[in-house]
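Undergrad: The structure is given below, and queries will be raised subsequently.
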Amino acid sequence: MDAKKAPVEDWTTDFDHTHPDYAANAHQIWDDLREECPIAHSDRFGGMWMPTRHEDIAAIAANKDGLYTSRGVVVSEVRPDIPAPIGYAPPITSDPPFHAPARKLLLGPFAPRKVQALEPFTREYCHSLVDAALETSNEQGWFDAAIGYSQNIPVKVIAQMLGLPAEDGPVFRRFIHNIIENPVQREIPEEETVEWYFDQQIAKRKANPKPPGEGDLIDHLLNVEIFGEALAPEHVRGTVVLLLVAGIDTTWSSIGSAIWHLAQHPNDLARFRDDPEVRPFAVEEFLRAYAPVTMARMVAEDHELQGCPMKKDDWLLLPFPAGNRDPEAFEDADKFVIDRQKNRHGAFGLGIHRCLGSNLARMELSVALDVFVDRIRDFSLVDPANVRFSTGQIRGPRELPVSVKTNV
Amino acid sequence: MKINYNRELCQGHNRCYMLAPEIFDVDDEGYAVLKIEGEIPAELHDKAQLCVDNCPEYAIEIAE
């Protein structure tokens with residue numbers, strides 16, 4: 001077990017996004033901070049800030065004056081030591097001018113038409129998961145929609161894209177827990193680190209190189225060039241770590257949150273099930289209302305932001321999910337409106353770092369919900385108290401026991 | 001009704017392309033491409049408005 005967190009007395013001056021109380025009450029905490037604060041501070045993790053208004057979050061993401069750096073995007077006790085503008089995991093940790101060319105290398109493989117080609121594979125896999133879930137449900141009267149469904153889908157898809165064995169899923173989830181969900185200092189044997197894992201994968205591909213345009217995404221990174229040269233080994237590895245880590249618990253959280261919502265709102269479930277035209281709007285509303293990802297930046301130079309003294313190397317959380325619930329930016333921001341027509345949500349971030357995998361994530365979320373609802377029809381939570389949400393910068397259900405109703 | 005689309009602001013969220021493929025296509029890097037430079041046909045006015053109202057980057061506007 002990880003160390004117990006000190007209790008939070010005051011969320012405006014001592015917030016902790018890795019605290020179980022935050023996981024349990026995030027929406028209320030954001031609403032309170034937005035009204036009272038609206039930029040919270042904490043001395044934890046060596047000093048960090050958290051704006052909660054959509055306008056402030058968007059302005060920081062836009063970073064017009066270069067006051068912030070993406071060198072660090074996951075808040076931890078230690079400041080990342082790989083300097084800007086490249087950072088540990090390009091392009092998410094990269095700043096201009098390195099960012100755009102590093103991102104360009106990846107835009108093609110994640111563009112809508114490329115992603116669309118993975119839909120049949122994803123759909124078939126979702127069906128196989130539902131088959132197994134229904135079997136479990138028949139045996140014990142319930143199944144876990146996070147453990148038995150949502151957490152498996154992005155693992156399968158990104159493993160396919162990266163050419164990794166899908167049975168390594170549990171290993172990937174451990175990497176993610178250590179990197180994102182609970183980034184504390186730990187002693188890990190070298191062979192259990194994400195770096196070691198991918199060094200082996202990269203070495204295997206280098207020994208058997210593929211012509212350009214063939215092979216998996218790791219082969220692609222070994223074939224492309226930046227500024228006329230092959231990518232540095234650390235660049236390849238960092239990007240592959242990024243593609244694995246960023247693609248899994250985020251989408252898994254999103255699918256899980258949507259199922260969690262539908263399990264508790266029979267009217268929304270019936271509408272989603274019976275009205276195919278509402279589904280694309282519902283998917284965007286799930287993304288808005290239950291956006292999983294809070295990004296982070298670091299302060300690049302001392303400055304004052306609305307009276308807050310930002311110091312170089314302070315962390316700055318960008319809670320896009322809180323911005324998505326700002327009543328200044330969204331009508332009925334605290335309500336789930338299944339056919340919301342005006343929805344400029346920032347679930348995938350805003351500005352130059354817009355989630356590279358957003359088309360993939362949206363496809364996975366849509367397909368996962370289609371299959372789940374079309375097959376299972378009607379379901380509810382076994383007990384709301386049995387649902388457990390993740391801590392840290394990615395928010396979503398990690399345990400989600402649901403029972404199937406068979407009368408529909 | 002015409003549409004102003006600002007490619008400089010577009011970050012490739014692809015919301016417009018999903019909502020109105022009649023009006024927006026998408027290029028190989030995932031950036032929006034406006035298909036109708038001139039007058040938007042009346043039957044697509046609602047969809048054009050949806051594109052405006054769902055662009056997270058405010059890259060799309062209606063020009064009367």
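Undergrad: Give the average over all directions of the projected area of the C-alpha convex hull of segment B:2-63, one decimal, in nm².
TA: Working: hull surface 14.3 nm².
Orientation-averaged projected area of the Cα hull: 3.6 nm².
Undergrad: Lysines near residue A:335 by alpha-carbon distance under 30 Å, same-chain residues fewer than 8 away left out - which ones?
TA: Residue A:335 reaches A:405, B:47.
Undergrad: Output needed for segment A:20-404: three equivalent-ellipsoid semi-axes, defined as square roots of 5 times the C-alpha gyration tensor eigenvalues, in descending order, whole Å.
TA: Numbers: eigenvalues 193, 157, 73 Å².
Working through the eigenvalues yields semi-axes of 31, 28, 19 Å.
Undergrad: With label points built 7 Å along Cα→Cβ from the Cα atoms of residue B:7 and residue A:188, find their separation and express it in nm.
TA: Reported label-point gap for residue B:7 and residue A:188 is 4.2 nm.
Undergrad: I'd like the mean, over residues of A:193-204, of how many other protein chain beta carbons sit within 10 Å of each residue's own Cβ. Walk me through the numbers before you get to the answer.
TA: Values: counts 0, 0, 0, 0, 0, 0, 0, 0, 0, 0, 0, 0.
Partner Cβ neighbours, averaged per residue: 0.
Undergrad: Can you work out D for segment A:109-207 in µm² s⁻¹ from Stokes-Einstein, where Rh is the Kirkwood radius over C-alpha pairs, the temperature is 25 °C and the viscosity is 0.890 mPa s? All intermediate terms of the calculation are to be shown ahead of the outcome.
TA: Values: Rh = 15.8 Å.
My calculation gives 155 µm²/s for D.
Undergrad: Full-extension gain between residue A:229 and residue A:342, please, as 0.36 nm times their residue separation minus the C-alpha to C-alpha distance. The partial results should precede the final answer.
TA: Values: separation 113, 0.36 × 113 = 40.68 nm, distance 4.42 nm.
This chain segment gains 36.3 nm when fully extended.
Undergrad: Do the sum for the protein assembly as shown: with -39,500 (n - 2.57) for every DSSP H run of n ≥ 4, divided by all residues, what is the mean residue ellipticity at 222 nm, to the nearest 500 deg cm²/dmol?
TA: Numbers: 16 runs with 191 residues, N = 472.
Per the formula, -12500 deg cm²/dmol.
Undergrad: How many angstrom separate the Cα center of segment A:206-235 from the Cα center of segment A:80-105?
TA: Comparing the Cα centres of segment A:206-235 and segment A:80-105, I get a distance of 17 Å.
Undergrad: Would you report the distance distribution of C-alpha pairs in segment A:41-176 as whole percents per 10 angstrom bin, up to the bin with the largest distance?
TA: 10, 24, 29, 24, 11, 1
Undergrad: What does the structure give for A:280-288 when I average, per residue, the other chain Cβ atoms found within 10 Å of the residue Cβ?
TA: Details: counts 3, 3, 0, 1, 4, 0, 0, 0, 0.
Shielding by partners across A:280-288 averages 1.
Undergrad: Please sort by residue number the GluC sites (Glu not before Pro) in segment A:299-408 whose DSSP state is loop and whose Cβ has at most 15 other Cβ atoms within 10 Å.
TA: Values: sites: A:301, A:304, A:328, A:331, A:364, A:399; in loops: A:301, A:328, A:331.
The qualifying sites are A:301, A:328, A:331.
Undergrad: Identify the GluC sites (Glu not before Pro) of segment B:1-61 meeting these criteria: DSSP loop state and at most 10 other C-beta atoms within 10 Å of the C-beta.
TA: Of the GluC sites (Glu not before Pro), the ones in loops of segment B:1-61 whose Cβ has at most 10 other Cβ atoms within 10 Å are B:8, B:37, B:39.
Undergrad: At most 14 other Cβ atoms within 10 Å and a DSSP loop assignment: could you name the trypsin sites (Lys or Arg not before Pro) in segment A:55-145 that fit? All intermediate terms of the calculation are to be shown ahead of the outcome.
TA: Working: sites: A:64, A:71, A:103, A:104, A:113, A:114, A:123; in loops: A:64, A:71.
Filter output for segment A:55-145: A:64.
Undergrad: Using Cα positions and a limit of under 17 Å, work out the aspartates and glutamates in reach of residue A:64, with same-chain residues fewer than 8 apart set aside.
TA: A:55, A:56, A:95, A:301, A:302, A:304, B:8, B:57
Undergrad: Separate question: Given a Förster distance of 41 angstrom, what is the FRET efficiency for residue A:214 paired with residue A:303, based on the Cβ-Cβ distance and rounded to 0.05? Could you put the intermediate results ahead of the total?
TA: Working: r = 48 Å, r/R0 = 1.18.
Efficiency, from the Cβ-Cβ distance: 0.25.
Here, each number is a calculation from the coordinates, and none is a lab measurement. Note that the structure is a prediction, hence the values are computed from the model and not measured. So basically every Cβ, Gly included, is an ideal-geometry build from the backbone, and we count neighbours across all protein chains shown.
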